[in-house]
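Working notes, structure below.
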Amino acid sequence: MTTEKKLLRVEEAAALLGIGRTRAFEQIRLGRLRSVKIGTSRLVPAVALDEYVALLLEESVQDRAA
């Protein structure tokens, strides 16, 4: 079994993405960065980070094509 965290606090996810906490919560609110809620805690699945980066890359390619 791997010891890597599967769920990250929003602050941890933001740090790994190189964005601020406020921007991370904004992206969650917009549905661009997936998250789950456990009790009162909002957590970001580790796989959601890769999905978010892929979304940004896709948008970047589309912007260049336009």
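Among the residues of the range 22-48, those identified as of a type in the set (A, V, I, L, M, F, W, C), closer than 12 Å to Arg9 by Cα and in contact with a helix residue (DSSP H, G or I) (Cβ under 7 Å, 6 or more places away or on another chain) are Ala24, Phe25, Val44. Only one entry of Ser41, Ser60 meets the criterion of being hydroxyl-bearing (Ser, Thr, Tyr) and touching a strand residue (DSSP E or B) at 6+ places or on another chain (Cβ under 9 Å), and that entry is Ser41.
Throughout, read-outs are computed from the coordinates displayed, never taken from laboratory work. Just so it is clear, the model here is predicted, and its values are computed rather than measured. Positions of Cβ are backbone-derived with ideal geometry, glycine not excepted, and every protein chain shown enters the neighbour counts.
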